[in-house]
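Taking it in order: structure first as structure tokens, then the write-up.
Rule-based calculations on the coordinates, nothing more; no lab input. Every value quoted in this text rests on a predicted model; they were computed, and no experiment measured them. Here the Cβ positions follow ideal geometry from the backbone for every residue, glycine too, while neighbour counts run over all protein chains shown.
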Amino acid sequence: ADDGIETGNGLLTQIYLVSDEEHENTQAKMFIIPTYVAKVDGDYDKDDKELTLKGLEDDGAVSVPADSLVLSADDFDNLDSFADGDYVLVTVADDVIETVSKAEVITGDVDGYVADKNVTVDKNRYSYTKGFEGPADAYKLNSECELVMDKYGYVIFADNVEADGSYVYVSDA
């Protein structure tokens, strides 16, 4: 049966077998855990023991579905390791950020791209994470950009991208 559940690049998919001893049956439960990207907004506040994140939805990233983007040292023990402007990867459950880690950023020149699939930077091809909503078809060739990677090696966000309208796409000749 199709429950509308989709997995894809960058989505952690976990399947658990749950036994019901009373009814003597076992069911498979599937969990899909997406990763979201945000940016640190200011340095760690040592007095309040908090770190504030900024969503990047205005820049093309998927909005972080959390009630608050302010993290407390009561819940995370690594907040002082982040600096203003760092990209971070977060996971969310029940509208609360559950994990936070620093994202890898790759900087280089754009060699080419396939719209909505991948971008090649410094001769290395990087595929997009599922749900990527960045400038998938707006890269200016030979210009520098920053690719923010998820923990599985997929592009979750692209920054410093220059659009170039000087290319023509030919679908049939």
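So here's what we get for this one:
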| read-out | value |
| --- | --- |
| Hz values of 3J(HN,Hα) by residue in segment 91-108 - Karplus curve (6.51, -1.76, 1.60), Gly and Pro given as x | 10, 10, 9, 6, 6, 10, 5, 9, 9, 9, 8, 6, 8, 7, 10, 10, 10, x |
| Rounded to the nearest 20 debye, dipole of segment 1-116 from Cβ charges on Lys, Arg, Asp, Glu | 300 |
| When each of Lys49/Lys130; Lys49/Lys123; Lys46/Lys117; Lys29/Lys117; Lys29/Lys102 is checked by Cα-Cα distance, pairs over 32 Å | Lys49/Lys130; Lys49/Lys123; Lys46/Lys117 |
| Cβ-Cβ FRET estimate between Val96 and Leu141, R0 fixed at 41 Å, reported to 0.05 | 0.50 |
| Charge-dipole axis of segment 58-108 as Lys and Arg at +1 and Asp and Glu at -1 on Cβ define it, positive-most pick from Phe76, Val64, Thr107 | Thr107 |
| Selected from Leu51, Leu79, Leu12 as most flexible by GNM, with the chain as the system and alpha-carbon contacts under 10 Å | Leu12 |
| Leu141 long-range amide H proximity, modeled H, under 5 Å | none |
| Nonlocal amide H pairs with Tyr154, under 5 Å, H built at 1.01 Å | none |
| Over segment 51-131, equivalent-ellipsoid semi-axes from the Cα gyration tensor in Å | 28, 15, 10 |
| Cα lying deepest toward the dipole's positive end in the chain, options Leu141, Gly8, Ala93, charges on Cβ | Leu141 |
| Viscosity 1.002 mPa s, 20 °C: Kirkwood-radius Stokes-Einstein D of the chain over Cα pairs, µm²/s | 118 |
| Residue among Val96, Val119, Val64 with the largest mean-square fluctuation in a Gaussian network model of the chain, springs linking Cα atoms under 10 Å | Val96 |
| For Asp43, distant residues with modelled amide H under 5 Å away | Asp84 |
| Within a Gaussian network of the chain (alpha carbon springs, distance under 10 Å), most fluctuating of Lys49, Lys140, Lys29 | Lys29 |
